[in-house]
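This report refers to the structure that appears directly beneath it.
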């Protein structure tokens, strides 16, 4: 008989929607371009409880807009900046606009960025 407690995967999302807790989002930086043995770096964004409920909707809207404007499914800023991968052939004006919109979103949620 297992004594392990079942994990409620809905709980973190409920806390995000309630605005009662900080949220932490962690992502690797550029690991797709690393050579074997190079260290992977991570960046964490900590979002205050009062702005946490905004994050899921902001992510959906921004990803939908990215897909519509470029066909890309994710923000890969190295590729956006260098016009590589899914961003090859995307005009510089569009790529710079992506940076501007993303910066504006970050300004709205006022995150704490750790890297």
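No value in this document is a laboratory result; all are computed from the given coordinates. Quick caveat: nothing in here was measured; it's all calculated off a predicted structure. All Cβ positions, glycine included, derive from the backbone under ideal geometry; neighbour counts span all protein chains shown.
Values as computed for the structure displayed
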| read-out | value |
| --- | --- |
| Most fluctuating residue given options 105, 34, 15, as computed from a GNM of the chain linking Cα atoms under 10 Å | 34 |
| Segment residue 114-residue 43, extension gain: residue separation times 0.36 nm, minus the distance between their alpha carbons | 25.0 nm |
| Two-site label geometry, residue 29 and residue 77: point separation in nm, points 7 Å out along Cα→Cβ | 0.8 |
| Entry for mean projected area of the Cα convex hull in nm² (calculated from the structure that is shown) out of [x] 17.9; [y] 9.1; [z] 10.3 | [z] |
| Cα-based helix-to-principal-axis angle, 55-70 vs the chain, degrees rounded to 10 | 20 |
| Coarse-grained scattering of segment 63-115 at q = 0.15, 0.23, 0.24, 0.31 Å⁻¹, given as base-10 log I(q)/I(0) from a Debye sum over alpha-carbon atoms | -0.42, -0.88, -0.93, -1.26 |
